[in-house]
1. Can you name the condition, by its number, that Asp278 falls short on among (1) charged (D, E, K, R); (2) modelled with pLDDT under 95; (3) touching a helix residue (DSSP H, G or I) at 6+ places or on another chain (Cβ under 8 Å)?
2. Could we say that Ser341 is within 25 Å of Gly244 (Cβ to Cβ), polar (S, T, N, Q) and either in contact with a Leu (Cβ under 7 Å, 6 or more places away or on another chain) or open to solvent by less than 20 Å² (accessible area, probe 1.4 Å) (or both) here?
3. What pairs can you find where one residue is in segment 28-41 and under 11 Å from Ala234 (Cα atoms) and open to solvent by 70 Å² or more (accessible area, probe 1.4 Å), the other is of a type in the set (D, E, K, R) and part of a helix (DSSP H, G or I), and their Cβ atoms are less than 9 Å apart, with a gap of 6+ or different chains?
4. Applying the selection to segment 111-153, what residues are more than 23 Å from Cys183 (Cβ to Cβ), out of contact with any Gly (no Cβ under 8 Å at 6 or more places or on another chain) and of a type in the set (Ser, Thr, Tyr)?
5. Consider Asn181 carefully, then state whether it is part of a loop (DSSP other than H, G, I, E, B), open to solvent by 30 Å² or more (accessible area, probe 1.4 Å) and of a type outside the set (Ser, Thr, Tyr).
6. If I go through segment 242-258 residue by residue, how many of them are open to solvent by less than 70 Å² (accessible area, probe 1.4 Å) and under 22 Å from the mean Cα position of the chain (by Cα)?
7. Can Lys208 be described as at pLDDT 90 or above and either open to solvent by 20 Å² or more (accessible area, probe 1.4 Å) or touching a Pro at 6+ places or on another chain (Cβ under 6 Å) (or both)?
8. For segment 284-333, give me the residue count where each residue is under 20 Å from His354 (Cα atoms), of a type outside the set (Asp, Glu) and outside any helix (DSSP H, G or I).
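The values are calculated or read from the model by the stated rules, or taken from the named source; none is laboratory data. Please read all numbers here as calculations on a predicted model, not as lab measurements. Cβ placement follows ideal geometry from the backbone for every residue including glycine, while neighbour counts extend to all protein chains displayed. Areas reflect the complete protein model, heavy atoms only, side chains present, ligands, DNA and RNA absent. Shrake-Rupley method; radii C 1.70, N 1.55, O 1.52, S 1.80 Å.
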Amino acid sequence: KKDTEASTAAAASLHSARPRGPSKMLKMAWMPIWSVVASLYIFGSLWFGIVGMTWASVVCYIVDSASGGRYEKMMTEFLNPKGGEPKGLMKSLSEAVLNKKENYIHFASLLYSAIGDFGYWALIFYLRSNDIGGLMLPLMVHSFWMGHFFIMGVNDLHYVAHTQISNNQKNHMFKYEILNNICMYIIEPMHGFLPLFWLDHHVKIHHKESNGPDDIQGVTFFERNFYNYICFVADIPLQWYVRGPLHHIRNGDKATAFHMVIAWCASLSVGISLTMWDVTTGVLLFWIPHLTRSLVFNSSNEYVQHALVDGRDGRPHDPANNSFLLLKAVPRFNYPRGIRSLPDNFEERWHAVHHAFPHKGMVGQAELAPKVKCNLVFDTDYISFKQAVMLRDTKKLAQWWCP
């Protein structure tokens with residue numbers, strides 16, 4: 001009887017939270033915007049996933065072959081050494097800047113990302129300032145960066161923000177606040193995010209609200225189909241630029257809201273200034289990374305990470321009922337050589353662990369997984385899970401589910 005009552009209550013909660021669909025007239029008026037967003041989403045997916053990843057894979061294959069395989073071996077030792085313990089110079093450097101040695105993999109990934117980002121910006125500026133290579137050479141540099149560096153450092157920036165929420169500086173990622181600030185104010189926008197996205201949007205809203213009705217990143221009650229997905233993608237700029245600050249204002253945190261507005265105004269000013277100086281430079285350095293990150297990467301991850309809900313106990317907002325554990329890692333053979341040795345939790349496959357222990361870095365989450373209550377355990381990897389959710393392939397999800 002209690003199970004029946006709980007299930008009824010959960011169903012009522014899910015039903016009451018689902019808004020009415022738009023009228024036919026509103027859908028017709030909305031279609032031009034929907035078509036533009038759909039085109040941007042498809043272009044961004046193809047440009048990154050096909051052009052960028054393919055070109056980066058070719059370049060890295062040539063470099064690795066020319067070095068007799070030493071390139072990939074060196075990168076593996078740098079990014080993900082055995083036991084998580086670096087050697088030589090990297091050991092000394094990491095001990096000098098990190099508060100906790102277990103965060104070495106985050107440091108290595110962020111260092112590599114920073115080198116790639118600043119090198120990319122410098123090279124594009126040099127090529128465009130001196131009119132070298134016309135349009136083709138800057139495009140080749142850009143597509144390599146998109147396929148190689150654009151996917152690096154994302155979860156590492158994420159964990160910098162989670163450690164930064166602490167008032168105790170010794171709990172932060174780096175011993176020196178200038179390094180934490182470089183990650184949030186410089187590397188994040190270089191990677192297509194808004195400055196402070198992970199701290200002010202993800203940590204202070206999503207993890208605080210935990211997919212409840214006030215979570216602007218929550219999609220627990222979102223009906224899955226392609227039309228609705230593109231509507232969701234179109235809403236991401238409003239979420240980033242408008243609904244984020246408004247959420248903090250409603251909750252009495254005007255300082256964070258003001259901080260967010262100043263940060264995104266500064267970021268957009270950089271993008272506009274670059275475009276006014278040279279359209280190609282602005283597009284390659286700012287607009288393509290920003291639109292791809294927000295409309296493709298961020299939207300698809302938000303759309304699937306809390307898409308499934310087990311409401312049998314009447315608590316659909318409980319992370320145990322809407323976060324997943326995936327038993328397989330994403331196959332890395334399709335990644336460019338040199339970055340195929342990323343950590344086990346690179347793609348956040350232990351998502352329920354992350355919500356239970358948000359300050360725990362990527363290393364060691366597999367050991368915590370058995371201690372976390374989770375009703376959504378699947379015997380698959382994140383890319384397969386993501387595709388099944390986005391295509392609403394319930395048969396595959398049912399096959400993979402481990403109740």
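1. (2)
2. No.
3. Every condition considered, no pair remains.
4. Correct list: Tyr126, Ser129.
5. No; evaluated as a whole, the condition is false for this residue.
6. 7
7. In short, no.
8. Number of matching residues: 15.
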